[in-house]
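Okay, structure first, notes after.
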Amino acid sequence: MNNEASGTKLYLIGMPGSGKTTLGRTLAVHFGLPFLDLDAAIVAQAGQPIPAIFQQYGEAHFRRLEAEVLRTVVARPGPLVLATGGGTPCFHDNLTVLNTNGFTVWLDVPEPVLAARLAATAETSSRPLLAATGPTAMWLRETLGARSEFYGRARLRYAAATEPVSVLIAQLRTAGFALSDR
Ligand SMILES: Nc1ncnc2c1ncn2[C@@H]1O[C@H](COP(=O)(O)OP(=O)(O)OP(=O)(O)O)[C@@H](O)[C@H]1O
Ligand SMILES: O=C(O)C1=C[C@@H](O)[C@@H](O)[C@H](O)C1
Ligand SMILES: [Mg+2]
């Protein structure tokens, strides 16, 4: 089965800072697939950056837009690697859409590692949900606590901070995600 014929889409889910964008690009190169970042697709569709969408219209509007753009991406023919937004699986039944139209992987990264990464990238990133408080331990604990129920329903859990990418690729093969390595 070649890539086009399989049509399988690979969806990376997980907390902000878990490495969805970084790993997504790596896997896309490895499997010779297109890569898409859902946040970038939302920005393109809205014509404004994510913090501006939150500020102008609020989170509920952002979540509707996110759900709409996700469904458009999922409906496209052909395979891809998609880095979702941190909250994507937790709203508007998006997780069901992902799980019924491709292969979901949760990048499970421990809270202290997330805290360090978010602090290190706070200056350069635009994370409106963190902008008010910064990546406090409390925000991380509460958010991870609330979201784990959704993330935990991914087809695969990948300990992204400790396991090499080769472990995930092997897990994908075992789970039946059949694509050609490059
Ligand atoms: N496996 C890794 N080991 C060490 N650092 C990593 C790893 N993966 C990602 N990072 C670093 O962690 C930070 C966050 O990575 P990335 O932007 O890919 O996460 P993300 O899940 O896409 O975040 P967001 O939800 O904000 O888009 C970046 O500085 C990146 O370089
Ligand atoms: O964790 C979240 O809820 C978010 C993460 C980002 O990827 C963006 O999708 C947005 O800032 C919301
Ligand atoms: Mg990202």
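Here, each number is a calculation from the coordinates, and none is a lab measurement. Everything numeric in this text was worked out from a predicted model, so none of it was measured. Counting neighbours? That spans all protein chains shown, and the Cβs are built from the backbone with ideal geometry, glycine included.
Tell me which residues come under 5 Å, amide H to amide H, from Thr8 once H is placed; ignore anything under 5 positions away on its chain.
When sequence neighbours closer than 5 places are left aside, there are no close amide H contacts.
Based on the Cα coordinates of the chain, what is the per residue volume of their convex hull in Å³?
Details: hull volume 20.2 nm³, N = 182.
Output value, Cα hull per residue: 111 Å³.
Does segment 28-130 classify as rounded, prolate or oblate by the C-alpha gyration tensor (a ≥ b ≥ c root eigenvalues; a/c under 1.5 gives rounded; else a/b over b/c gives prolate, otherwise oblate)?
Details: a/c = 1.60, a/b = 1.16, b/c = 1.38.
Note, shape of segment 28-130 comes out oblate.
Suppose a student asked you for the relative contact order of the chain, using Cα pairs under 8 Å spaced at least 6 residues apart; what percent would you report? Walk me through the numbers on the way to the answer.
Numbers: 249 pairs, mean separation 64.2, N = 182.
Relative contact order for the chain comes out at 35 percent.
On C-alpha positions alone, give me the angle between the axis of helix 165-174 and the longest principal axis of the chain, in degrees, nearest 10.
50
Kindly rank 32-43, 65-76, 159-170 from highest to lowest mean number of other beta carbons found within 10 Å of each residue. Working shown, then result.
Numbers: 32-43: 18.1, 65-76: 16.3, 159-170: 14.2.
Going by the mean number of other Cβ atoms within 10 Å, highest first, we get 32-43, 65-76, 159-170.
Across segment 137-144, in residue order, what do the Karplus-derived ³J(HN,Hα) couplings come to in whole Hz, using 6.51 cos²θ - 1.76 cosθ + 1.60 with θ = phi - 60° and x for Gly and Pro?
Taking θ as phi minus 60°, the curve returns 4, 5, 4, 4, 4, 5, 5, 4 Hz for segment 137-144.
Check Arg157: other-chain or 5+ apart residues with amide H under 5 Å from its amide H, H built from backbone geometry?
Placed amide hydrogens put Trp106 under 5 Å from Arg157.
Rounding to the nearest 10 and keeping the result within 0 to 90°, find how far the Cα-based axis of helix 59-75 lies from the longest principal axis of the chain.
10
With angles folded into 0 to 90 degrees, how steeply does helix 111-120 sit against the dominant principal axis of the chain? Use alpha carbons for both and round to 10.
70
Label 7 Å along Cα→Cβ of Gln171; segment 10-33 residues with amide nitrogen under 19 Å?
Under 19 Å, as judged by backbone N against the label point of Gln171, lie 10-31 of segment 10-33.
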